[in-house]
Amino acid sequence: MEQERVVLCGASAYEQKYYFNQTFKGIPQSIQEELHIICVLFTEEVGGVFTIVFEPDGSVSLETDAEEDDIYYDEIGSGLLVSEIRRKRQELLESLSLYYRVFVLKEPLGEEGI
């Protein structure tokens, strides 16, 4: 059985909305708030849609996209901002990956596991 990617959260500059996948409501509230801030600030700065996604192996991807006719979307800025988030929030992203691998993928912790 092939696993699919799972969206953790995201924001859209077009709809001016934030989405958090309630499957992950077990993530501490402070981290949920931090994710909210990251997503909303990203779309306010560069536009488009920004999502944080869990890959089938448990790694975390940051994705950005825009409508084809969106002349306000800053494609270069979005790439730079994704890189900045990866660098400055590395510990957060690694913790989210660990959470997903332990609580969703049920990988064991300890010497033989993660």
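Tabulated data for the structure shown
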quantity: Residue match in the stretch 63-73 (condition: over 14 Å from L93 (Cα atoms), touching a Cys at 6+ places or on another chain (Cβ under 9 Å), open to solvent by less than 40 Å² (accessible area, probe 1.4 Å) and not in a helix (DSSP H, G or I)); calculated: no
quantity: Filtered residues of the stretch 17-53 (kept if without any contact (Cβ under 8 Å) to a residue 12 or more places away in the chain and of a type outside the set (S, T, Y)); calculated: K17, Q22, K25, P28, Q29, E33, I37, L41
quantity: Lone unmet requirement of (1) out of contact with any helix residue (DSSP H, G or I) (no Cβ under 8 Å at 6 or more places or on another chain); (2) over 20 Å from G10 (Cβ atoms); (3) in contact (Cβ under 8 Å) with a residue 40 or more places away in the chain for P56; calculated: (2)
quantity: Residue list for the stretch 28-47, filter: surrounded by 20 or more Cβ atoms within 10 Å (Cβ to Cβ) and either of a type in the set (F, W, Y) or more than 11 Å from the chain's Cα centre (by Cα) (or both); calculated: F42, T43, V46, G47
quantity: Hits in the stretch 27-56 - residues which are part of a loop (DSSP other than H, G, I, E, B) and either at pLDDT below 95 or under 22 Å from I76 (Cα atoms) (or both); calculated: G47, G48
quantity: Any hit, the stretch 95-104, residues being out of contact with any Leu (no Cβ under 9 Å at 6 or more places or on another chain), over 13 Å from L62 (Cα atoms) and part of a loop (DSSP other than H, G, I, E, B); calculated: yes
quantity: Residues within the stretch 1-26 that are assigned to a loop (DSSP other than H, G, I, E, B) and among the polar types (S, T, N, Q), tallied; calculated: 3
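The values are calculated or read from the model by the stated rules, or taken from the named source; none is laboratory data. Keep in mind that this is a model prediction, so the values were computed, not measured. Note that each Cβ is placed from the backbone with ideal geometry, even for glycine, and that neighbours are counted across all protein chains shown. These area figures cover heavy atoms from the full protein model, side chains too; ligands, DNA and RNA do not enter into them. Shrake-Rupley method; radii C 1.70, N 1.55, O 1.52, S 1.80 Å.
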